[in-house]
Each structure stands twice: as structure tokens, then as C-alpha cells.
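Working notes, beginning with the structure itself.
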Amino acid sequence: MTKYWLMKSEPSCFSIDDLKNRPEQTEHWDGVRNYQARNFMRNDMSPGDRVFFYHSNCKPPGIIGVAEVASEAYPDHTAFDPTSDHPDSKSTPDNPRWFMVDVKYVEKFDDIIPLDELKKHPELENMPLLRKGNRLSIMPVDEHEWDYIMKTLR
């Protein structure tokens, strides 16, 4: 059964165009250092799940396209590397604390769907993205929300 997700990335760090330009249009989603977001990847994501690619910390932030989960979760090797952007000395290859999945590019929208636009639609009011205080970089999307965004806002 396909599940749906939203994954945030700052376009100055890794954009949907970066994903599109990777070999096989696939890249690992590393650097997640929040336990709840990690648990979504490690415990709940499966190959074939669909992902809204969300550009954050930019003007305007919003959904820019679609990717798909391309692997099961596996240890995030960047946590073991003290020179990486996201090291964690308590995470080791024998006892990994952090995990990642591979994501594959599917499509880039002609226009971003801005966060402000998403907030205008009562059909989306229960999306975790739109809840006050939710700053997770990975969150589930309900199938009805996915369908609404793809059919109405895209």
C-alpha cells in the first residue's frame, strides 16, 4: 500500500533540480537528526511511496514537485563522519542512531505551490505541515490531501 510523505529541503543545500541532475535521478536523504522524522524513514517508508518535495527556508516556501522513495532505510553514514555537515559521535556503524532512504525524482511542477496557498484550503487544515509549531523535515501526508493537492493545486 502506497504511503505519502512531505520531505523538506532548503534549495540552497539540495533542491529538486539537484535531485533531477543526480545519476539515475536518485540520491540518499541524509542528515535527518530528529527522532520522529528518523522513525518515519526507518519504520514507515517503503520503496514506491510518493513524496512531495518541499523547498523550505526560501521565498516562497512550498511544494515544488514529486519524488518517490527508492530504498528501504539504511544507516546514515554521514553521522559517522566528523567532517560531515551532520556528525553524531554517538552514532557508530555497529550501533547506528540515524537512518536515511534513497529518493528518486519524479517531476518538478511548473510553479511552486506556496505554503500560503496551502493554508487557504480547508481540505488541508489537518496536514501536519500546516499545524502551528510543526517543524519536522519529514511528515506523513494523508491520501486525500495528496489527491487534493495533485488534482486541485498543481
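The values are calculated or read from the model by the stated rules, or taken from the named source; none is laboratory data. Quick caveat: nothing in here was measured; it's all calculated off a predicted structure. Ideal geometry is used to build each Cβ from the backbone, glycine not excepted, and the neighbour counts take in all protein chains shown. Heads up: the accessible areas ignore ligands, DNA and RNA and are worked out on the full protein's heavy atoms, side chains in. Shrake-Rupley method; radii C 1.70, N 1.55, O 1.52, S 1.80 Å.
In whole Hz and in residue order, list the ³J(HN,Hα) couplings for the range 103-112 that follow from phi through the Karplus curve 6.51 cos²θ - 1.76 cosθ + 1.60, θ = phi - 60°; x for Gly and Pro.
So the J values, rounded to whole Hz, are 10, 10, 4, 10, 7, 10, 6, 4, 9, 5.
With unit charges on the beta carbons (Lys and Arg positive, Asp and Glu negative) and the dipole taken about the Cα centre of the chain, which residue among Leu19, Met1, His121 sits farthest to the positive side?
The listed residue farthest towards the positive side: His121.
Under 13 Å between alpha carbons, and skipping anything fewer than 8 positions from Lys151 in its own chain: which aspartates and glutamates qualify?
Glu123, Glu143
What is the ratio of the Cα radius of gyration of the range 54-114 to 2.2 N^0.38 Å, where N is its residue count, to two decimals?
1.47
Which ³J(HN,Hα) values in Hz, rounded to whole numbers, follow from the phi angles of the range 25-36 under the Karplus curve 6.51 cos²θ - 1.76 cosθ + 1.60, where θ = phi - 60° and Gly and Pro get x?
My calculation for the range 25-36 gives 6, 9, 8, 6, 9, 9, x, 6, 10, 10, 5, 5 Hz in order.
Select from the range 26-96 those chymotrypsin sites (Phe, Trp or Tyr not before Pro) which occupy a DSSP coil region and have at most 16 other Cβ atoms within 10 Å, ordered by residue number.
Passing both the DSSP loop test and the Cβ count: no residue.
At a 1.4 Å probe, what is the % contribution of carbon and sulfur to the accessible area of the chain?
44
What whole-number value in Å² describes the accessible area per residue of the chain for a 1.4 Å probe?
Ligands and nucleic acids excluded, the figure is 56 Å² per residue.
With a Cα-only, solvent-free Debye model of the range 9-75, what are the log10 I(q)/I(0) values at q = 0.29 Å⁻¹?
Relative scattering, expressed as log10 I(q)/I(0), comes to -1.43.
Whose amide H sits under 5 Å from the amide H of Phe109, counting only residues 5 or more places off or on another chain, with H placed in the peptide plane?
Gly65, Val66
Full-extension gain between Lys20 and Lys120, please, as 0.36 nm times their residue separation minus the C-alpha to C-alpha distance.
33.0 nm
How many nm separate the modelled label positions at Asp44 and Glu143, each set 7 Å beyond the Cα in the direction of the Cβ?
1.6
Based on DSSP H runs of at least 4 residues, each adding -39500 (n - 2.57), what is the mean residue ellipticity at 222 nm of the chain after dividing by all its residues, to the nearest 500 deg cm²/dmol?
The helix-only estimate for the chain comes to -2500 deg cm²/dmol at 222 nm.
Run the count for the range 1-112, please: Lys pairs, Cα-Cα under 17 angstrom, 8 or more apart or on different chains.
Final tally of qualifying lysine pairs is 7.
Counting each pair of different Cα atoms once, what's the Kirkwood radius of the range 1-114 in Å, rounded to one decimal? Don't skip to the end; give the middle numbers.
Details: mean 1/r = 0.0691 Å⁻¹.
So the Kirkwood estimate lands at 14.5 Å.
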